Amino acid sequence: MPDTKSDITSVLENTYARSLLEMVDEQLSGAIDEIAAELQQLLDLTQSEPELMQLISTRTMSASDRAGVITRVFKGRITDLVYHFLLTVNEKNRLDQLQGIIRAFVAMAQDRKGMIEADAYVATMLNDEGVQQISSGVGNVIGKQVLLRQHVDPALIGGLKLRIGDQLIDGSVATQLKIMRQRMINTGRDKARTFTTG
């Protein structure tokens, strides 16, 4: 069953990100990379300081009180465009979706340059050569330059899972073993049925 709430959230995040992209085009022509880098730093900050994210997005405070926090924390430390964008998102009570909005903006900025981010879930960290091989291989298939982020998941045993946008490509050993086990179970059931009906 489709996750309607998730779909709506994604549409909202993309809408806000696209609006910001248009504002950058209009007001700071040619500065998309700089704004994307600034937003990525903001994303890193809110991920490393969840209390800050909770404070600026809480619905228990009024929008004007949250705006005061945003002003104290960010004014003069980020570009005016991003600062005023934060205030706008706050007024609309959408700061709880700020991280998704930033990710959508960064993805759109990269897409303009023929780049795309991919998440690789691996049992152990890949070396530079391994990262380059996977990035090049995937990039050749999809026709974009791939920026690969690694996430270590020891449960994978070996191989990797690759997420590009909403698409998940699962080549992990753990998943292959599950598939093999399921096939063996299904084969056993089929043989049992044949034996009992024969």
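Taking amide H as placed 1.01 Å from N in the peptide plane, GLN145 has its amide H under 5 Å from the amide H of MET115, ILE116, each at least 5 places away in sequence or on another chain. Other residues lying with their Cβ under 12 Å from the Cβ of VAL69 contribute a combined charge of +1, Lys and Arg counting +1, Asp and Glu -1. Under 5 Å between amide hydrogens, built in the peptide plane, is the criterion, and for THR79 it picks out nothing among residues at least 5 positions away or on other chains. Karplus-based coupling profile of region 135-144, in residue order and whole Hz: 4, 5, x, 5, x, 5, 6, 9, x, 9, with θ = phi - 60° in 6.51 cos²θ - 1.76 cosθ + 1.60 and x standing for Gly or Pro. For region 4-111, with the dipole built from +1 on Lys and Arg beta-carbon atoms and -1 on Asp and Glu ones, taken about the Cα centre, which of ALA37, LEU20, PHE85 lies farthest toward the positive end? Of ALA37, LEU20, PHE85, it is PHE85. Annotation: amide H-H contacts under 5 Å for HIS151 (H modelled 1.01 Å from N, sequence separation of 5 or more, or interchain): ALA120, TYR121, VAL122.
Across region 22-31, rounded Karplus estimates of 3J(HN,Hα) from the backbone phi angles (6.51 cos²θ - 1.76 cosθ + 1.60, θ = phi - 60°) give 5, 5, 5, 4, 6, 9, 10, 3, x, 9 Hz, Gly and Pro being marked x. Applying the criteria of a DSSP loop state and at most 14 other Cβ atoms within 10 Å to the trypsin sites (Lys or Arg not before Pro) of region 33-117 yields ARG59, LYS75, ARG77, LYS92, LYS113. Here the spin labels are modelled as points 7 Å beyond Cα on the Cα-Cβ line, and at ALA67 and ASP170 they lie 4.7 nm apart.
Each reported figure results from applying straightforward, stated rules to the coordinates on display, with no laboratory input. Only a predicted model underlies this, so the values are computations on that prediction, with no experimental measurement involved. Quick reminder, even Gly has a Cβ in these numbers, built from the backbone with ideal geometry, and neighbours come from all protein chains shown.
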